[in-house]
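Below: one structure, written as structure tokens.
What follows draws every value from the coordinates through simple rules; no lab data is involved. Bear in mind the structure is a predicted one, so any value in this text is a computation, not a measurement. Don't worry about glycine lacking a Cβ; one is built from the backbone with ideal geometry, like all the others, and counts go over all protein chains shown.
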Amino acid sequence: MQRRAFTLIELLVVIAIIALLLGIALPAMGRAKETARRVKCMANLSSIGKGLQMYMDTKSKGMLPFASGLIESTDRPTFPQVVGEFLDAPRPVKQKDGFYDAADPWRCPSDIIGTDPATNLEPTYRIGGSSYEYWPGSIMLLADFINLQLTRPEFSLTKLYQRPRNDPVTGLAKNWPVLACADQWHKIRAASMDRRNALYLDNGMRVDWSIEKPSGPEIQQLILELAKEPNNLFK
């Protein structure tokens, strides 16, 4: 018996069904990949947190490192240079082309392409050696820029970080990250939420995702506290 061939309408129906299934499956696969990248990023931060804890326990008497926030600075080392010796992983290495070669845990898997044409859109980890911004380092640089003249800024900031804080806008308790993704690389459904993973000092170097952005009044409050007598901040 001769087999009946598909008609044009039947072929179009099959193609439409396949296209519909692909339309359903591909976004789900994309979300699964991003979830995996976010989990890997959080594992990186957890590893760095262990190294930071060892540094604070054995070398700095509980003080945060005096280091730059994200990019190199002429008067202080980078965060990976300071904490890297306490990690079982190679530190970022600057190449002949001026960019860094970095691997786990310093490289966020979602740090794929940059935004600055001047650097040929190189990823953040290639520019500064790490995908993660050291927030206390950035605050120290800001304190220098506005000439607060802090004798030991790492002492002052460590105590401010350890002190219970409330957001001056919401009144809710809030901790500032020690380390966080340098940009909003991670995709989440709620557009109002920040798309960065972060490491905190509380609860034994806690790692969390979708951190809240610091409000303008909160930043102003922190700077005003830093502007007070620095010696009184860590008595």
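Assorted remarks:
- Theoretical FRET efficiency, 1/(1+(r/R0)^6), r = Cβ-Cβ of L121 and A89, R0 35 Å, to 0.05: 0.85
- Taking 0.36 nm per residue of separation and subtracting the current Cα-Cα distance, fully stretching the chain between K96 and L142 would add 13.6 nm.
- Candidate lysines for bridging to K33, where Cα separation is under 29 Å - those fewer than 8 sequence places away on the same chain excluded: K50, K187, K213
- In this rough spin-label picture, where each label sits 7 Å from Cα along the Cβ direction, the T58-K40 distance is 2.9 nm.
- Extension gain for I113 to R163 (0.36 nm times residue separation, less C-alpha to C-alpha distance): 14.3 nm.
- Once the Cα-Cα distance is subtracted from the 0.36 nm per residue extended length, the K228 to K33 segment shows a gain of 65.5 nm.
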